[in-house]
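Have a look at the structure below, then the notes.
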2 protein chains.
Amino acid sequence: MKIHNFSAGPSILPKEVMQKASLAVKELDDSGLSLIEISHRSKNFVDIMDEACDKALNITKLRGKGYKALFLQGGASQQFLMSAYNLLEKKAGFINSGTWSTKAIKEAQLLGEVIEVASSKDKNFNYIPKTNSIPADLDYLHLTTNNTIFGTQFKEIPETLVPLVADMSSDIFSTNFDYSKFSLFYAGAQKNLGPAGTTLVIVKEDILGKVTRKIPSILDYSIQIKSGSMFNTPPVFSVYTCLLTLRWIEDNGGLDEIGKKNKIKADLIYDEIDKNSKFIGFADKESRSTMNATFNLSEPSLADSFDTLCQNAGISGIKGHRSVGGYRASMYNALSISSVKALVECMQILEQKSK
Amino acid sequence: MKIHNFSAGPSILPKEVMQKASLAVKELDDSGLSLIEISHRSKNFVDIMDEACDKALNITKLRGKGYKALFLQGGASQQFLMSAYNLLEKKAGFINSGTWSTKAIKEAQLLGEVIEVASSKDKNFNYIPKTNSIPADLDYLHLTTNNTIFGTQFKEIPETLVPLVADMSSDIFSTNFDYSKFSLFYAGAQKNLGPAGTTLVIVKEDILGKVTRKIPSILDYSIQIKSGSMFNTPPVFSVYTCLLTLRWIEDNGGLDEIGKKNKIKADLIYDEIDKNSKFIGFADKESRSTMNATFNLSEPSLADSFDTLCQNAGISGIKGHRSVGGYRASMYNALSISSVKALVECMQILEQKSK
């Protein structure tokens, strides 16, 4: 039986990416050696790292615009700390749209003053807050473009003259955003990009070098840039698999085509949530995420029936996060339209059966 | 042709480990899903993490002695910072035995006073320095048990009452050390343990919680312990592959047997270095590493001949580090005795040919 993998992350990757990654662990191309036993300073691996960084800049249309791409370790959580270390001299602004923003705020507070420019905490983060006025004296404004747990996503990026920093872990590469609005954005790989264990960081070089503190080497973007993401041994398997996914994105028409497919998937599920009497969407309609649809049953007593229906249809990973409950269907790039249709069918059967 | 992989790291892993890791990227056991697309909170992965931590404590004979094992990200370089963040309140001592010790010192200096208790810098780190007196008021004493670049290794661990902290990246699990001498030790996986991308940290809990500074969450051992190495998404592939290697160590007789085999390999190469007129060992005899043998040609003009001999024999990765020059044969656990014999044969042929 085909498994429809709606996991929130680590999550589904393109089948061919997983197959090629598996082969490389046995033997990288015709090198006679496994990907995981070669030196990261060998031409084989340096080429992999360079191509991955190039493709990340190409796909985001940032080539030649003063940006550098890095593949680092530690996940977005490490970037919460690293971005503040490198950029926070006096005061940073944050838009608090959920659990991950809240965590980012906590780490930045260790290094300077932090203000919440907007927050949706009053309604358990079920909407993207409006930012009416953004102080002009901020070192930067940080936002989380997509909130995996709550199923919300920024539809418009706030207009401001201060540098924008974004955690894009769960919607990077999901469509053709204007990435040039951001001075720094980062994404843990384990959604649209690759396996857990590496973090893509794209940073505009002109925002660096402005803080007066000494930055620990491993947390210093300038040092990481100078060493081509190889200040120390990089996570070779994760970076290689990210490269395979980036090639897959290009081979599948780039972010325009990816974005169209993601819209079809999101429309399918949200249409069903809205017309099906047995389900209630969690996120406000205008804040709905194309990546993670959050919803609850209108009658909690139907949970067993629905879970059985889903299980029999091979649907996996739709249990909602404990802070929201209910269900969460994560529909990252590699998830097929047919998987969403399979889930929608379960929702329809539930409604028919419960009439 | 069989390739004899003497790479300094990332480096050779047991063949069966690479094969099983490759299979898991295709499908983990009979789950229907790849290792890299499942949630790290799933029972499948939590079991992997738990078993890996258990095995690390079992193999080092530290179970029940107040230690915790963690699999983190960022390599030993991140531990240079993290250990200081968690332990350095006033003053730390370091034994400077090479490049990596020097880097560790640099990062610790950001957080407090650092003194060099001993150093072998005077002779380009070709020996392990003696530590005659260790101040009693240190928060901890840090050493690098094996120096990959220079091919030196501690044969005796300094006696002291202050907590010992060790970077064991390149000789962890190479023999049955008395690991209980250390309060904290860590190792980037990419030598004796697994693929790059994770770092094993073993820490005695009673040394934590004694500094007054606020520690960033991701760098806080206590937070990492509380969350079972899952403060954020762990590098699932690297951790799983480490588990496979730990199982392999147990299945091959544990550290006693591994240590015996490593001694045979080291004796083979050092015997040849000492009796072959065309080679000169770099490291002092009493400081020689069982993991990395460093040596130079006595006549530099023989380089082309020797390189050709090695190439024809399938010997890979023996170029010395730029700070030492010459050759470095890294003989980690998974390297077979026959590979060392193949290298020794090339050295013998060179001597015969050049008579």
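Structural remarks
- Exclusive hit being surrounded by 24 or more Cβ atoms within 10 Å (Cβ to Cβ) and away from every other protein chain (no Cβ under 14 Å), set B:I172, B:I218, B:I207: B:I172
- Residue check for B:A56: part of a helix (DSSP H, G or I), surrounded by fewer than 24 Cβ atoms within 10 Å (Cβ to Cβ), of a type in the set (G, A, S) and at negative phi: no
- Condition met for A:A84 (in contact with a His (Cβ under 8 Å, 6 or more places away or on another chain) and either modelled with pLDDT of 95 or more or in a loop (DSSP other than H, G, I, E, B) (or both)): no
- When segment B:95-150 is limited to residues that are of a type in the set (V, I, T) and assigned to a loop (DSSP other than H, G, I, E, B), the one that is farthest from B:S183 (Cα to Cα) turns out to be B:I149.
- Residue, surrounded by the fewest Cβ atoms within 10 Å (Cβ to Cβ), within segment A:282-335, restricted to residues that are assigned to a loop (DSSP other than H, G, I, E, B) and free of Cβ contacts under 8 Å to residues at least 60 places away in the same chain: A:R322
- Residue, farthest from the other protein chains (Cβ to nearest Cβ), within segment B:21-35, restricted to residues that are charged (D, E, K, R) and not in a helix (DSSP H, G or I): B:D29
- Residue match in segment A:46-56 (condition: within 7 Å of another protein chain (Cβ to nearest Cβ) and either without any contact (Cβ under 8 Å) to a residue 40 or more places away in the chain or under 26 Å from A:S183 (Cα atoms) (or both)): no
- Residue in segment B:316-355 that is modelled with the lowest pLDDT, counting only those that are under 22 Å from the mean Cα position of the chain (by Cα), closer than 19 Å to B:G281 by Cα and β-branched (V, I, T): B:V324
The values are calculated or read from the model by the stated rules, or taken from the named source; none is laboratory data. Everything numeric here is computed off the predicted structure, so don't read it as measured data. So basically every Cβ, Gly included, is an ideal-geometry build from the backbone, and we count neighbours across all protein chains shown.
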